[in-house]
Amino acid sequence: MNRSILETRVISSLEKVFLDEELSASVWDKGSMLNNEVYSFQIAYRIQPDASEERVKCKIDLRADDKLLGCLSVRQVISINSDFPVGENHDQYLLRTEPGLYPELLKPIVESVEASKQWQTLWITVNSDRKIFESDEYVIHLNFLDEGGGQELAAESFNLSILDCALPEQTLIHTMWFHTDCIATYYKDEVFSDAHWTRIEQFMKKATAHGINMILTPIFTPPLDTEVGGERPTVQLVDVVQEGDKYQFGFDRLKRWVSLSLESGFKYFEFAHLFTQWGAKHAPKIMAMVKGEEKRIFGWDTDATGPEYENFLDQFLPALVEFINENGLEKVSYFHVSDEPSVEAIPFYESASKILKKHLKGFPIMDALSSYSFYEKGLVEKPIPGSNHIEPFLENNVPDLWTYYCVSQWDKVSNRFFAMPSARNRILGIQLYKFQIRGFLQWGYNFYYSQYSKRAIDPFVVTDCGKAFPSGDPFVVYPGEDGPLDSLRFEVFYDALQDLRALNLLEEKIGRNEVIALLEEGLEEPITFSVYPRDEEWLLNKREQINAMLANC
């Protein structure tokens, strides 16, 4: 509905509206949700092209039934720069490939926005607090008023059906690596100061609200994306005292971390890798008090196969296991050896794995890797293959299989880069369901450094780790003044997790075979990780079809 100088349109959450493009998105002004889920849609707006005004300040007036109104939020979609949207090798399932501004950041608005002759959007979210609603038909009205608030410039409405059934609890284990040091660096807080703990809590709660239920726990500074010979800021939770070849350990900070994580909604803990990335050849940076002085006792100069580090682990791991048992974490604790080891590194990985297995019987040990040979040789019991390398693991029926994606998963498979359509982000929920994936990992919840952690970056300006990784790979939240701010990609990915939960609920009612038949009805090929419908309307309508079946079961 258009009035006065403004042109507006209600569109779905899967649209990305660019400042320099005409709006081609179809109207999406009605939908449904289960009574405890989160639902989002957008309203696009601009000044009419033939209007004399170039800019108009608009007050936003949001109206709905009283039961719904307090659970609505409106944010402005802000375009963010990308110098490196995709690599030279890329497929064609992209929105664009050139550097520029991409719709990305969701910025809370107080009461007004400024309209121009460029298309922009508002992001409207229902139930961001994850409450349970009474089932009913609701109409959400959003009016654009002039700056004085007396004249209506445009008005739009959305019809929302809230169904009388609830999403079940998420069973997928989901980790997106939590970079504690990046928080301290960006906000200029001393590591583990009161201010830092406050920020950690804010970022933790934002993560769990979006379905992240496992947290990377820095017992020692994680040896991830660190230049060989370089260091990341120390974020070591375990105190170490060295006396010759003997060690004592303090777990007070780790205890605080665990308590805060549980209070924030995490259910699982993955302890940071105990060997360096890409091959397990060295030890992580470990600090200790030696004769009253803090010193680095292990790091890049440590041979991971040497007796000194093995002696350390022989003392540390039993102490950590005791802490885990004392705090009731024995069923929710996971360990890593080395991230993304190459086939050439198998001898080093095997040596490291044997050390951990001595002390960690009964605990899952998992790693992101691409080669099936690591699992075939019994070196890792819980492999996490990339989504583009998962077929051998599926073909061999690896139990409780996980998967991950990062910078390397760009050909046909789902991912979350700025340049990718939102439907390519959200389709993962259906894929995780079909292949009964137990866990999903992604490395960048909030990585605000350049590649190899050489320098800090401003994520509002640099979104690609210094032209190293496509924009969207390193982080999904922005460090706002009052806490983390969402990206639209983060909200869309949460929709994928909600789709997964809805499919699990439908399976309880009609059976797994029937659900898969429903998903693949009318498709030319079965859904895989690289073959799936590219049409966003298919995804939206399929979810509506699922909801309709749930409402009638």
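Could you give the angle, 0 to 90 degrees to the nearest 10, between helix 252-264's Cα long axis and the longest principal axis of the Cα atoms of the chain?
Roughly 30 degrees between the two axes.
Per the Kirkwood definition applied to all pairs of different Cα atoms, how many angstroms is the hydrodynamic radius of region 397-512?
After inverting the pairwise mean of 1/r, the radius is 15.5 Å.
In a solvent-free Debye calculation with one equal scatterer on each Cα, what is log10 I(q)/I(0) for region 358-407 at q = 0.15, 0.18, 0.20 Å⁻¹, listed in the order of the q values?
-0.37, -0.52, -0.63
As I understand it, the dipole of the chain uses +1 on the Cβ of Lys and Arg and -1 on the Cβ of Asp and Glu, about the Cα centre. Which of 268, 504, 103 lies farthest toward its positive end?
Value computed over the given set: 268.
Please work out the FRET efficiency for the pair residue 24 and residue 327, using the Cβ-Cβ distance as r and a Förster radius of 35 Å; give the result to the nearest 0.05.
My answer for the efficiency is 0.05.
Does anyone have the angle between helix 307-326 and the longest principal axis of the chain? Alpha-carbon axes, 0 to 90°, nearest 10?
Computed tilt is about 60 degrees.
Could you compute the net charge surrounding residue 42? Neighbours are other residues with a C-beta less than 12 Å from the C-beta of residue 42; K and R count +1, D and E count -1.
-1
Could you rank the peptides 37-46, 109-118 by their average count of other C-beta atoms within 10 Å per residue, with the highest value first?
For the peptides 37-46, 109-118, the packing ranking is 37-46, 109-118.
Explain nothing, just the number: dipole magnitude of the chain about its Cα centre with +1 on each Lys and Arg Cβ and -1 on each Asp and Glu Cβ, in debye rounded to the nearest 20.
Charge dipole, the chain, about its Cα centre: 800 debye, nearest 20.
Packing-wise, with mean Cβ within 10 Å as the measure, how do 317-330, 459-472, 414-427 rank, highest first?
414-427, 459-472, 317-330
What's the exposure ranking of 147, 98, 270, going from fewest to most Cβ atoms within 10 Å?
Listing 147, 98, 270 from fewest to most nearby Cβ atoms yields 98, 147, 270.
Would you mind pulling out the separation of the Cα centroids of region 1-72 and region 430-459, in Å?
If you average the Cα positions of each part, the centres end up 30 Å apart.
Would you mind listing how long region 219-352 runs along its three principal axes, going by Cα atoms, in whole Å with the largest first?
Reported extents, whole Å, longest axis first: 40, 38, 26.
Suppose every Lys and Arg Cβ carries +1 and every Asp and Glu Cβ carries -1, with no other charges. What dipole size does region 150-307 come out with about its Cα centre, to the nearest 20 debye?
340 debye
Sorting 546, 78 on the 10 Å Cβ count, fewest up front, what's the list?
With the sparsest Cβ surroundings first, the list reads 78, 546.
Compute and list, largest first, the equivalent-ellipsoid semi-axes of region 6-163 from the alpha carbon gyration tensor, each √(5λ) rounded to a whole angstrom.
27, 22, 13
Write down the Å³ per residue value for the convex hull defined by the alpha carbon atoms of region 447-509.
Per-residue hull volume (Cα only) is 106 Å³.
Calculate for the chain the 222 nm mean residue ellipticity that helices alone would give, adding -39,500 (n - 2.57) per DSSP H run of length 4 or more and normalising by residue count, nearest 500 deg cm²/dmol.
Helix contribution divided over all residues of the chain: -8000 deg cm²/dmol.
Output the pairs from 281/377; 67/267; 267/358; 354/382 with a Cα-Cα distance over 21 Å in this structure; if there are none, say none.
Where the Cα-Cα span goes over 21 Å, the pairs concerned are 67/267; 267/358.
If neighbour count is taken as other Cβ atoms inside 10 Å, put 224, 62 in order from fewest to most.
Result, fewest neighbours first: 62, 224.
Please report how far the C-alpha centroid of region 345-416 lies from that of region 229-307, rounded to the nearest whole angstrom.
Measuring centre to centre over Cα atoms gives 23 Å.
When you count, for each residue, the other Cβ atoms within 10 Å and take the mean per peptide, how do 210-217, 237-244 rank with the highest first?
Result, highest mean first: 210-217, 237-244.
Starting from the Cα of residue 51, move 7 Å in the Cα-to-Cβ direction to define the label point; list residues of region 130-170 whose amide nitrogen is under 19 Å from there.
142-157
Expressed as an acute angle from 0 to 90° and rounded to the nearest 10, what is the orientation of the C-alpha long axis of helix 488-510 relative to the principal long axis of the chain?
90 degrees
Tell me, what ³J(HN,Hα) does each residue in region 543-552 have, in order and in whole Hz, if you take phi through Karplus 6.51 cos²θ - 1.76 cosθ + 1.60 with θ = phi - 60° and put x for Gly and Pro?
Once θ is set to phi - 60°, the couplings for region 543-552 become 5, 5, 5, 4, 4, 5, 5, 5, 5, 9 Hz.
Given a cut-off of under 8 Å on Cα pairs at least six residues apart, what relative contact order in percent is computed for the chain?
Averaging sequence separation for qualifying contacts and normalising by length gives 16 percent for the chain.
With a cut-off of at most 14 other beta carbons within 10 Å, and DSSP calling the residue loop, which GluC sites (Glu not before Pro) in region 444-553 qualify? Please list them.
In loop regions of region 444-553 (DSSP not H, G, I, E or B), the sparsely surrounded GluC sites (Glu not before Pro) are 481, 521, 524.
Here, each number is a calculation from the coordinates, and none is a lab measurement. Bear in mind that the values here come from a model prediction, so they are computed numbers and not experimental data. Because the Cβ atoms are built from the backbone with ideal geometry, glycine has one as well, and the counts that use them run over all protein chains shown.
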